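Each value in this text was obtained by applying a stated rule to the coordinates, not by laboratory testing. Here the structure is a predicted model, which is why all the values come from computation and not from measurement. As a convention, Cβ positions derive from the backbone with ideal geometry for all residues, glycine included, and neighbour counts pool all protein chains shown.
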Amino acid sequence: MDATVELVRPLDSLWKEIEEDGYLFFEEDHSIGEFCRDEALATLRLTREQSFSIPSCWACVIGLDLRQPRVREFVATWKALALDGVTFPGPRWSGIRGWPRTASTDPRVKGHRYDQTAASVVAWKLGMRKWKAKRDFYSYFRNRRKWVPTYAVSQKENIARTQPTKGSSATDVLFFCRGRGRGHAIPDLAIVDAMQTSNPEVRIQFVSYHVGAETIRKAGRSVIDLELPEANPFFKTLSIAHELIRGMTPHVVVSHEEFSVPVAAAMAGRNCILLTDWFPPDGSPAAEAITYAQSVVFLGTPGLFASPPGMRCHYVGPVVRRMKYLPTERCRARSELGLSLESFVVSVVPGAWATEARAPILPTVLEAFRQTQVSSKVLMLLSLKNELVQSGLPVEDLDVRWFNDCESSDRFFVAADVVVTKCNRGTILDAASLGVPVVAISHQLNPIDMIWVSQIPLARIFIAGALDVATLRDHLTKLIRSNDTEPRPSRMLLERSADDAAGVLGSEIHSLRGLM
C-alpha cells in the first residue's frame with residue numbers, strides 16, 4: 001500500500017481472494033502503452049502496439065501471497081526490472097501538462113509509470129489477469145494524496161513554475177466538475193475550451209474526482225483530484241471543497257452539479273456560479289444549497305424544472321461538445337472501423353456509471369440483435385469487453401466487435417445505424433445531435449435522465465424490466481426500414497451550444513470578479 005492509502009472497512013473478503021488467487025490487483029483506466037517510455041519496451045519485451053493492448057494495474061494497493069510459486073516469480077521478475085537501470089527511470093508526464101515530450105515520440109504516450117507499468121506487464125505475462133475494477137477500490141480504501149495541481153502550458157511557454165505575487169491569485173476560477181461518469185466532464189471541457197479561446201487570460205483550475213477527474217486528465221488538462229468515491233457524500237464533499245477554496249482563494253467558484261460547493265464557497269467568502277441541467281425538489285438539502293450560489297447557468301431550456309424563487313437563472317440550452325466527425329462522414333468512420341457500408345450497425349454505448357452490474361442490458365440486446373433479419377449486421381460494444389466475457393453469453397454466431405476508445409465515441413455514433421444506451425442523457429444528446437436514432441433502455445435509476453430523454457425526438461425509451469427480446473427486435477427491424485428512406489441531417493445540430501454557454505458563463509464570471 002502507498003503511504004497515503006487508508007482503510008475504510010475490514011479487508012476480510014480481500015484476504016480470502018488473495019489466498020484463493022495468489023494476488024490482488026486493481027485495474028487502472030488506461031493501457032500500459034500510455035505510460036511506458038520507449039526504452040522500457042525493450043526490457044519488457046514488447047512492441048509499442050502490444051503495449052496498448054495490455055491494461056495497467058493501479059499500483060497504490062497490491063496484494064500478494066508469497067507462498068505461491070507464480071507469485072514468487074512475479075516478485076523476482078519485478079525486482080530485476082527495478083534494478084536494471086532502464087525499466088523504472090522515466091518522466092512522470094510527457095507531452096502534456098506543460099511537460100516536454102521525452103518519454104516517446106509517439107503522441108499517445110503521456111509519461112512513464114515505472115513500478116506500475118512493470119508490475120502490469122509481468123502479471124499479465126504470468127497469467128495473473130483476474131483484476132478487480134478500479135471502482136471496487138473505493139469500497140475498501142481511500143487515497144489521500146496531496147493536492148498538487150499541475151498547470152497546463154503550451155510547449156512554447158517556459159515550463160518554470162512561479163509563485164503568485166502578493167495580493168494576486170494563482171487561479172481566477174476554481175471549476176468543480178462532478179465525478180460521476182463522464183457526463184459532466186465532457187461538456188465542462190467543451191465550455192472551458194470555448195471560454196479560453198475567447199478569454200485566454202482567464203486562469204481556470206479544474207477540480208473533480210473518480211471518472212470525472214480521469215476524463216479531464218485524459219484530455220490533457222490540469223485537475224485537482226479530491227479522491228472521493230463515485231457516489232460522493234454531500235457533507236464530506238462540502239468539507240473538502242471548503243478547505244480547498246479557502247486555501248486557493250480563487251476569484252470565482254464554478255460548480256457543475258456539485259450542490260454542496262455553493263455552500264462551501266459562501267463559507268470561504270467566495271462567489272459561486274452553479275451549472276446544472278436540473279433542479280432538486282424543494283425542501284431537500286441540495287435545493288437549499290443552490291440558494292447560496294450567486295447565479296445559475298442552466299444547460300437546458302425552460303419548462304422542464306422549476307427554478308428556485310428569486311434565483312438569477314440563465315438558460316443556454318443543452319451543451320454538445322464539438323464533434324470530430326460530421327454526419328456526412330459516415331463513410332470515413334466506417335472505413336476506420338473496418339465496417340461495410342451495407343451492414344446494419346448497432347453501437348452499444350453504456351456510459352461510465354451504468355455498468356452491467358448496475359444496469360444489465362447485454363442479454364436482451366444480444367438476443368434481439370441475433371433475431372433481427374438483415375443480410376449483414378454488426379454489433380459494436382464500446383468499453384463492454386470485460387462485461388461480455390464475464391457474462392459467458394454466446395456470441396460465436398454474431399459479428400460482435402468491441403472497442404475501448406471512449407475519447408472518439410462520436411465515431412461510433414456516426415458509423416452506427418442506431419445507438420443503444422442505458423438512458424444516460426449525455427450520450428443520447430451526442431448521438432441525437434448527429435442525427436442518429438437512439439434506443440434508451442432505462443433501469444429507472446435516474447429520473448432526471450428520463451425527463452430529459454423524453455424531450456429528444458430521435459430517442460425511444462424502453463423500461464428494462466418491461467422490455468423483452470421480441471419488442472426490441474421489432475424496433476430494430478423498423479429502424480432498418482426507416483434508415484433506407486430517411487436521410488440524416490447534413491450538419492450537426494446544436495453546434496454552437498458550448499460557445500453560447502461559455503459566453504454566458506464568462507459574462508457571469510466577469511461580473512462576479514468585479515464584486516471581489
Binned Cα-Cα distances of region 327-485, short to long, each 5 Å bin given as a whole percent = 2, 9, 20, 24, 24, 15, 6, 1
When the helix-only estimate is applied to the chain (DSSP H runs of n ≥ 4, each -39,500 (n - 2.57), divided by the residue count), what is the mean residue ellipticity at 222 nm, nearest 500 deg cm²/dmol?
-> -10500 deg cm²/dmol
List, largest first, the extents of the alpha carbons of region 238-375 along their principal axes, each in whole Å.
-> 64, 34, 31
Most exposed first by the Cβ proxy, i.e. fewest other Cβ within 10 Å, how do Val469, Val436 rank?
-> Val469, Val436
For an R0 of 22 angstrom, estimate the FRET efficiency from the Cβ-Cβ distance between Arg48 and Arg129 and round to the nearest 0.05.
-> 0.55
Label point distance in nm, Gln68-Phe235, each placed 7 Å from Cα along Cα→Cβ = 4.2
For region 5-143, what log10 I(q)/I(0) values come out of the Debye formula at q = 0.09, 0.20 1/Å, with one point per alpha carbon and no solvent?
-> -0.28, -1.18
From a point 7 Å beyond the Cα of Ile480 in the direction of its Cβ, which residues of region 430-446 have a backbone N at a distance under 18 Å?
-> 437-439
If you rank His210, His251 by fewest surrounding Cβ atoms within 10 Å, what's the result?
-> His251, His210
Compute the distance in nm between two label points, each set 7 Å from the Cα along the Cα-to-Cβ direction, one at Asp136 and one at Leu445.
-> 1.7
Under 5 Å between amide H atoms, partner at least 5 residues away or on a different chain: which partners does Tyr209 have, H built in plane at 1.01 Å?
-> Gly179, Leu226
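Provide the FRET efficiency to the nearest 0.05 for the Asn143-His510 pair, computing r from the beta carbons and using R0 = 51 Å.
About 0.90, to the nearest 0.05.
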Starting from the coordinates of the alpha-carbon atoms of region 268-312, obtain the Kirkwood hydrodynamic radius over all distinct pairs and give the value in Å to one decimal.
-> 11.1
Simple spin-label model, 7 Å along Cα-to-Cβ: Ala286 to Val75 in nm?
-> 4.7
Least to most buried among Val374, Val346, Val253, by other C-beta atoms within 10 Å and fewest first, runs Val374, Val346, Val253
Rounded to the nearest 0.05, FRET efficiency between Asp500 and Glu201 (Cβ-Cβ, R0 22 Å) equals 0.55
